[in-house]
1. Report, by residue number, each residue of the range 176-222 that is open to solvent by less than 10 Å² (accessible area, probe 1.4 Å) and hydrophobic (A, V, I, L, M, F, W, C).
2. When the range 76-103 is examined, which residues are found to be at pLDDT 75 or above and in a strand (DSSP E or B)?
3. Any residue at all in the range 130-145 that is touching a Pro at 6+ places or on another chain (Cβ under 8 Å), polar (S, T, N, Q) and open to solvent by 30 Å² or more (accessible area, probe 1.4 Å)?
4. Out of (1) surrounded by fewer than 16 Cβ atoms within 10 Å (Cβ to Cβ); (2) assigned to a strand (DSSP E or B), what's the single condition that is false for ILE264?
5. Could you go through the range 180-192 and let me know if any residue there is in a loop (DSSP other than H, G, I, E, B) and at pLDDT below 85.
6. For SER171, all conditions in the list (1) open to solvent by 50 Å² or more (accessible area, probe 1.4 Å); (2) polar (S, T, N, Q); (3) within 30 Å of PRO114 (Cβ to Cβ) hold save one; what is the number of the exception?
7. Return only the number of the condition from (1) at pLDDT below 85; (2) within 22 Å of the chain's Cα centre (by Cα) that GLY73 does not satisfy.
Amino acid sequence: MRGLKNSYVSMAGWGLLLAGALSFASCSSDETIDGIDMQGKAITFGNVSIKENSRATDPSYSANDIENFQVWGTVKGNTNNTIKIFDGATISKGTAAYGEVWTQADGQTQYWIPDADYEFLAIVDGNKPGVTTTKLADAEPKMPESISYTADGETDLLCQKVTRLQNSDESVVAFTFAHLLSKVHFTFISTSSLKTITVTDIQIAGHYASGTYTIANATWGGQVKAESIQPLGFGDAEATITTTGVTSQLARLIIPGNDQTLTISFNQDGEKVEKELTHDFAPNTQYNIQITIEGGSEITFKIESLEAWGAKQDIPLNP
């Protein structure tokens with residue numbers, strides 16, 4: 001490693017290139033690293049993608065929907081002192097196209113340090129209303145520890161941590177974001193071709209009102225149910241129910257957790273139907289709740305669990 005004693009980590013420029021090579025930058029104040037050379041190639045981030053394969057109309061992100069995100073980052077030199085180089089800086093798309101560089105307003109840049117260890121954390125929608133990113137008060141450098149979330153059914157949460165140990169190739173850092181929430185939609189199926197069925201005003205109640213995601217171990221905890229929380233509406237079924245199945249107009253995002261009991265309600269031919277369904281809901285997983293109306297009257301449930309927004313697993317449930 002080339003040596004430069006007591007060098008200040010300064011920054012001069014941010015950029016982001018989605019669906020290609022992304023470039024980011026950060027901010028830092030009077031923090032020092034011993035024994036490193038500040039001359040080098042600018043840090044860039046790229047190949048941003050999402051672990052998903054969504055089939056329903058829903059509020060969750062796909063790869064080309066991201067408009068901005070926040071980034072935190074640290075670097076550790078050969079003296080093992082770690083400093084903060086990114087502190088929740090927001091990178092916005094602005095008027096740039098996907099595949100072009102996104103530029104931060106203050107135009108700052110951070111550069112790679114050979115043989116140094118890096119850690120980066122990116123969060124999408126961590127600064128939206130109802131979302132709080134928390135850092136340990138006495139931890140240095142102050143990297144986010146958890147994300148507190150208040151459910152609204154529509155705000156997605158994406159997160160990814162990237163570690164680059166003993167960086168030497170100065171290549172682009174790639175983020176593959178994972179959804180922190182579970183996605184739910186409905187499919188209604190009739191076993192009878194002799195009777196037309198109309199389903200409207202699909203809702204679920206009993207879902208968690210709030211919870212906290214711990215970044216270090218990638219788990220949800222502290223989920224709270226509230227009697228006052230509004231049911232989540234899924235609209236109507238998109239057409240008259242058939243034997244081939246009809247999906248709900250909307251999908252919704254819920255806080256993951258095991259052994260959740262949801263109250264599902266809808267109007268079938270103008271009459272209200274209400275059933276309870278208990279199931280484990282995992283992060284980054286979409287669930288198709290299949291409701292079969294037997295002979296135009298009896299109702300049964302089955303959940304198709306699409307893990308990582310794509311892989312399928314059928315889970316039969318008793319009505």
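1. PHE177, LEU180, LEU181, VAL184, PHE186, PHE188, ILE197, VAL199, ILE202, ILE204
2. Answer for the range 76-103, where residues must be at pLDDT 75 or above and in a strand (DSSP E or B): LYS76, THR82, ILE83, LYS84, ILE85, PHE86, ASP87, GLY88, ALA89, THR90.
3. So far as the range 130-145 goes, yes, one or more of its residues are touching a Pro at 6+ places or on another chain (Cβ under 8 Å), polar (S, T, N, Q) and open to solvent by 30 Å² or more (accessible area, probe 1.4 Å).
4. Failed condition: (1).
5. For the range 180-192, residues in a loop (DSSP other than H, G, I, E, B) and at pLDDT below 85: present.
6. Only one criterion in (1) open to solvent by 50 Å² or more (accessible area, probe 1.4 Å); (2) polar (S, T, N, Q); (3) within 30 Å of PRO114 (Cβ to Cβ) is unmet by SER171, namely (1).
7. (1)
Residues are listed down the side, and each one gets a yes or a no for (1) among the hydrophobic types (A, V, I, L, M, F, W, C); (2) assigned to a strand (DSSP E or B); (3) free of Cβ contacts under 8 Å to residues at least 40 places away in the same chain:
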residue: LEU194; (1), (2), (3): yes, no, no
residue: ILE204; (1), (2), (3): yes, yes, no
residue: TYR213; (1), (2), (3): no, yes, no
residue: ALA216; (1), (2), (3): yes, no, no
residue: GLN223; (1), (2), (3): no, yes, yes
residue: ILE229; (1), (2), (3): yes, no, no
residue: THR243; (1), (2), (3): no, no, no
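The values are calculated or read from the model by the stated rules, or taken from the named source; none is laboratory data. In this text the structure is predicted, and so the values were computed from the model without any measurement. As a convention, Cβ positions derive from the backbone with ideal geometry for all residues, glycine included, and neighbour counts pool all protein chains shown. Calculation scope for accessible area: heavy atoms of the full protein, side chains included, ligands and nucleic acids excluded. Shrake-Rupley method; radii C 1.70, N 1.55, O 1.52, S 1.80 Å.
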